[in-house]
Amino acid sequence: MKMRTALALLAAAAALSACVDFGGSRPPPMTMNPGGPQPRMNSVEGSWADSNGLNSTFNGGRFETHTTDGTNQQMASGTYTTDPSGVIQINLYSNIKRTSSKVNCFLANPSQLNCTSETGGHFSLNRQG
């Protein structure tokens, strides 16, 4: 009788564990503050910097890159989307080279964005603030 009870309890525990959501099936909820919504940590929204002294801002599907040398010169601008696999696809226009190109990025962690240009160049951006 004890074996039957143990098996029944084990089966019930397994059935109940199938009902538990451990967070992998949906993104975390956005928190609200009086100033408006805050970006999710798994979002590219916000300000990023690279090792060359450039700041990039991602906001609502648009982005811009500026210098940090005091002139705040716009170096590039464009649009971005995030596909279902999490790849951030950037279509950019370089104000310096006067060319358009594409870059694919992914969030290595909430504060680092790793990117590859269509020519194969690699670079990383670090979240600011």
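The values are calculated or read from the model by the stated rules, or taken from the named source; none is laboratory data. Fair warning: this is a prediction, and the values are worked out from it, not measured in the lab. Here Cβ is always computed from backbone atoms with ideal geometry, including for glycine, and neighbour counts include all displayed protein chains.
Observations on the structure shown:
- Among the conditions (1) at pLDDT 95 or above; (2) out of contact with any Cys (no Cβ under 8 Å at 6 or more places or on another chain), the only one that Q38 does not satisfy is (1).
- Per-region count, segment 42-72, residues in a loop (DSSP other than H, G, I, E, B), among the small types (G, A, S) and surrounded by 12 or more Cβ atoms within 10 Å (Cβ to Cβ): 1
- Test for F63: is it within 13 Å of S43 (Cα to Cα), within 20 Å of the chain's Cα centre (by Cα) and of a type outside the set (D, E, K, R): no
- Counting only strands (runs of 3 or more DSSP E) that fall entirely inside segment 73-129 and contain at least 3 residues that are touching a strand residue (DSSP E or B) at 6+ places or on another chain (Cβ under 9 Å) and polar (S, T, N, Q), the qualifying elements are 74-82, 88-94, 99-109, 112-117.
- Matching residues in segment 89-118 - criterion: being among the β-branched types (V, I, T) and either surrounded by 14 or more Cβ atoms within 10 Å (Cβ to Cβ) or modelled with pLDDT under 95 (or both): I90, I96, V103, T116
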